[in-house]
Amino acid sequence: MAQTENIEFVIKELKSVNNPNSVHGIYPYRGKISALDADQILKQIPKGSVVLDPFCGSGTIVYEGLKYGHKTIGIDLNPIAVFLAKGKVNIPNSFDSIQTEVIALIENAKTLSKYNMVKESASKHFHEDTIDEISRVSVFFESMSDYVKACFLGTICLTARGCNHYMWTSSTVGKDISPKRYINFYEKFIQKVKKHFYPLNGNSTIYELDARKLSEKIEIESVDYVFTSPPYFDCLDYTAYYAKIIYDILEFDRMKIREGLIQTFKEYELDMKLVFEELYKVCKKDAKIIFVVGDKKIHGKLINGGEFFNSLSPFKNVKFLERSYTGTSSQIFDKLNDTKRKEQIVIWEK
């Protein structure tokens, strides 16, 4: 049993949160916690602890937790997030097996005589030859291994940027640039599986599940630590930008997915209360609950994230840390909006 009662977490302010040479560059997932930031907490948790991230997004915390021998559990209701998180924690130790899989996929894709082209809402962002290659490979999406699926999604984002002359940012879709530039999707796909191949052995489980219903999958009083960065309460749309293009390519009902997420500011407080109730059920006695949150500007008013979540939590407050944003793109928006936002790390105990 993990010992949680005597830990004093030390959190340093990082000058940069960029960590380009890692598995986490596999996809430009918006709002993800920095791996360097996650590492600060995870390395202070006793080895072998059960660590739950109820809003795991692309799986940064669940993946990084494996480095310290933790049993990690990731929960998310966004299918793209689940594909990415599963891809990170299920990388085979043998790169040869991955390379063989991807080369076979590409060769089979090239020889297809019948396949459906993706709809115009997605194809308009690509050169016609690039989207043809994507359409062919997408036929085999369901049969791909977890890591290859994640790389496939990331390669779509990369080639969308390239087809638009790299005028889009790594995480934001901009205006369509014409004429489109041809990007060889097959080559980029192979490059991506090589670039982000960082396998880790360990025990991790990812569920596509609503955090408001945690106890349907997670055993009662089984979790030693909850560590998460919850969805932004200024309602960042996790199904927009590159995700929208991918959902159109995969023919997923994006609006149905979006409606199921904790997304609406009007209902956010009630939704998070339900999440806290579920966390209370699945946490052991003396479990620690760690939230990394930030100030948000809503309707012209700056809301302190730590105070907001503390007002909803049924747990005992142990520690409240605050720091300024540093080394992130947030500084650009803060300058434009004339705000000086801060980030809070709130630690509670059951």
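The values are calculated or read from the model by the stated rules, or taken from the named source; none is laboratory data. What you see is a predicted model; the values in this text were computed from it and never measured. With ideal geometry, Cβ positions are generated from the backbone for all residues, glycine too; neighbour counts draw on all protein chains shown. With ligands, DNA and RNA removed, areas are computed over all heavy atoms of the protein, side chains included. Shrake-Rupley method; radii C 1.70, N 1.55, O 1.52, S 1.80 Å.
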If the cut-off is 14 Å between C-alpha atoms, which aspartates and glutamates fall inside it for Lys342, apart from same-chain ones fewer than 8 positions away? Glu13, Asp295, Glu307, Glu322, Asp334
Show me the three semi-axes of the equivalent ellipsoid for the chain, from the C-alpha gyration tensor (sqrt of 5 times each eigenvalue), largest first, rounded to whole Å. 35, 23, 18
Among the lysines, which fall within straight-line cross-link reach of Lys266, defined as a Cα-Cα distance under 22 Å, with same-chain neighbours fewer than 8 residues apart omitted? Lys213, Lys256, Lys296, Lys297, Lys301
What's the magnitude of the charge dipole for the stretch 20-104 around its Cα centre, counting Lys and Arg as +1 and Asp and Glu as -1 at the beta-carbon? Answer in Debye, nearest 20. 180 debye
Mean accessible area per residue over the chain (1.4 angstrom probe, all protein chains present, square angstrom) is 47 Å²
Given unit charges at Cβ for Lys, Arg (+) and Asp, Glu (-), the dipole magnitude of the chain about its Cα centre in debye, nearest 20, is 640 debye
Restricting attention to the stretch 93-149, which chymotrypsin sites (Phe, Trp or Tyr not before Pro) occupy a DSSP loop and are surrounded by at most 16 other Cβ atoms within 10 Å? Tyr115
Under the 7 Å Cα-to-Cβ spin-label approximation, Ser311 and Lys195 lie apart by a distance in nanometres of 4.3 nm
Any of Lys12/Lys175; Lys192/Lys284; Lys88/Lys119; Lys119/Lys149; Lys32/Lys284; Lys12/Lys273 with alpha carbons more than 32 Å apart? Name them for me. Lys12/Lys175; Lys192/Lys284
What does the helix-only formula give at 222 nm for the chain: each DSSP H stretch with n ≥ 4 adding -39500 (n - 2.57), the total divided by the residues, and the result rounded to the nearest 500 deg cm²/dmol? -11500 deg cm²/dmol
